[in-house]
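Asks: Submitted below is the structure of interest, expressed as structure tokens.
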Amino acid sequence: MNCSVQTQTSGKKFIAMQSQQNYIDDILNTAELLFRAKGYHATTSKDIAELCHIPEEEILLQFGGTQEIALAVMQKLQLYFDRNIFIYAYENKQSPDMRLLNFNSAVMKFFSTDNPCCVFGMLAVEALDTTPRFIAPIQYYFDTWTNAYEVIFANVYDTDEAALLANDFVSDLQGALIMMRVVGTNEPLLRLSARSLKALRSRLATHSDP
């Protein structure tokens, strides 16, 4: 096979792989939307297939069932959070204040939607006790939230205080997301962001005093 033919073949394989990935992403994005809107137990592979305009058999062939789809959705969401939100907590060249500002802004951007539900939180409530396979990814998700807050607050608080603050803000975030659905605005999340900045800046001010 000459180089030209080999390049063409490789190109076709790449396009096919990209098309397959886009196909899977469409299914997972649809599943995520349904999980947010209806919950895990109320969402079926048939629901996902209908919104994707594909046969249900295609969903079952690709994933096997809603449990496998939920695991794939969590994996996709975790990757998004790692790359687009948590990363701000670890930008050591930025000041703690700027790191938290950027972190909060990314959180606000992600959850300021028509349906600001945390899929991991929803799955924890609905299925954690009955679906052992969900335990590890859900625990990991909340651990990464705690670690992100903690690494920022550890710049101005001691280790134990930073850990307590981080755990409190992770818990408060879930409450804020629930209240956003109740009141229909992002005000609860804005207040949470303001409180986290106040907790950081009050200690920064103390550290900067002569």
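Here, each number is a calculation from the coordinates, and none is a lab measurement. Predicted, not measured: the structure shown is a model, and the values here were computed from it. For neighbour counting, all protein chains shown are included, and Cβ atoms are generated from backbone atoms with ideal geometry for every residue, glycine included.
Asks: When a footprinting reagent is the concern and you count Cβ atoms within 10 Å, what order do Val73, Val156, Val182 take, fewest first? Intermediate results must be reported in sequence, preceding the final value.
Replies: Values: Val73 25, Val156 20, Val182 8.
Ascending Cβ contact count within 10 Å gives the list Val182, Val156, Val73.
Asks: Then there is this: Amide H to amide H under 5 Å from Ile54: which residues, 5+ apart in sequence or cross-chain, H placed 1.01 Å off N in plane?
Replies: Those lying under 5 Å, H to H, from Ile54: there are none.
Asks: If you don't mind, there's one more thing I want to ask. Once the chain is represented by equal point scatterers at the alpha-carbon sites, with solvent omitted, what log10 I(q)/I(0) does the Debye formula produce at q = 0.12, 0.17 Å⁻¹?
Replies: Cα-only, vacuum Debye calculation for the chain: -0.73, -1.16.
Asks: For the chain, find the longest principal axis of its Cα atoms and tell me its angle to the long axis of helix 3-38, 0 to 90°, nearest 10.
Replies: That helix lies at roughly 60 degrees to the long axis.
Asks: Can you sort Ser105, Ser193 from fewest to most other Cβ atoms within 10 Å of each residue's own Cβ?
Replies: Numbers: Ser105 13, Ser193 21.
Lowest count first: Ser105, Ser193.
Asks: Rounded to the nearest 500, what is the chain's calculated 222 nm mean residue ellipticity when only DSSP H runs of at least 4 contribute -39500 (n - 2.57) each, over all residues?
Replies: Helix-only estimate at 222 nm: -26000 deg cm²/dmol.
Asks: Fewest Cβ neighbours within 10 Å first, please rank Met122, Met74 accordingly.
Replies: Details: Met122 18, Met74 22.
Starting with the residue having the fewest Cβ neighbours, the order is Met122, Met74.
Asks: Helix 66-84: angle to the longest alpha-carbon principal axis of the chain, degrees 0 to 90, nearest 10?
Replies: Taking the Cα atoms of the chain, the angle to 66-84 is about 50 degrees.
Asks: Any idea how far the Cα center of segment 34-53 sits from the one of segment 131-210, in Å?
Replies: 31 Å
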